[in-house]
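What follows is one structure encoded as structure tokens, with my remarks underneath.
The values are calculated or read from the model by the stated rules, or taken from the named source; none is laboratory data. Small disclaimer: the values here were computed from a predicted structure and weren't measured. Every residue, glycine as well, gets a Cβ built from its backbone with ideal geometry; the counts of neighbours run over all protein chains shown. Remember, those area values only see protein heavy atoms, side chains included, never the ligands or the DNA or RNA. Shrake-Rupley method; radii C 1.70, N 1.55, O 1.52, S 1.80 Å.
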Amino acid sequence: DQEKFWQLVKLGGELRQIHLLESPVVEDFITSYPVGGDNKIVRKITKTSPGFELTNEEENTGKVWINDSQYFDNVPEVAWDFYIGGYQPAQKWLKDRKDRKLTFEDILHYQKIIVALTETDKLMKEIDRIELFKS
């Protein structure tokens, strides 16, 4: 019906803005990058060495390690594990930059990606709650 259509239009618009990193919500970082260093990604992300360490089971957040001393903190596990198509953006972004040093802009960009993935999960759940068809 028309009401559900406009609910979906609104949520779809929010998703689009978030995925393009144009929404102001992606500027509200939920993670931190607390340790200084060379910012070089040397940690290989594999099934046996996932790069993610759950540190707060109650909130399902953890650390994403880029090397032996530096990490992104308070990363929601849902963002780390989130799939879009056939890949996991939070993991792929880091894998694509292995052996590179992250710039200040890179660090901010990754934090935006984590917010975007977390918000996408929330919006998708909200979309799923909209009852499209009555049986």
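With a cut-off of at most 14 other beta carbons within 10 Å, and DSSP calling the residue loop, which GluC sites (Glu not before Pro) in segment 39-68 qualify? Please list them.
Those that pass, being in a loop and sparsely packed, are E57, E58, E59.
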The alpha-carbon center of segment 114-128 and that of segment 60-101 are separated, in whole Å, by 17 Å
Amide H neighbours of T55 at under 5 Å, excluding residues fewer than 5 places away on the same chain, with H built from the backbone geometry, are T61, G62, K63
Using a probe of 1.4 angstrom, how much of the accessible area of the chain is carbon and sulfur, in percent?
51 percent
Looking only at chymotrypsin sites (Phe, Trp or Tyr not before Pro) in DSSP loops with at most 16 other Cβ atoms within 10 Å, what is the longest site-free stretch of the chain?
30-82
With +1 on each Lys and Arg Cβ and -1 on each Asp and Glu Cβ, how big is the dipole of segment 4-135 about its Cα centre, in debye rounded to the nearest 20?
560 debye
Restricting to Cα pairs under 8 Å and 6 or more apart, the percent relative contact order of the chain works out to 29 percent
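When only DSSP loop residues count, what trypsin sites (Lys or Arg not before Pro) in segment 1-77 have their Cβ near at most 15 other Cβ atoms within 10 Å?
K44, K47
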State, to one decimal in nm, how far the label point of L21 lies from the label point of D99, with both points 7 Å from Cα in the Cβ direction.
2.4 nm
At 1.4 Å probe radius, can you tell me the per residue accessible area of the chain in Å²?
63 Å²
If you add up the charges near D73, with Lys and Arg at +1 and Asp and Glu at -1, over every other residue whose beta carbon is less than 11 angstrom from its beta carbon, what do you get?
0
(1) 0.93; (2) 1.04; (3) 0.98, with the label sought being that of the calculated Rg/Rh (Cα atoms, Kirkwood Rh):
(2)
Rounded to whole Hz, the Karplus (6.51, -1.76, 1.60) HN-Hα couplings of segment 27-32, x for glycine and proline
7, 8, 4, 10, 10, 9
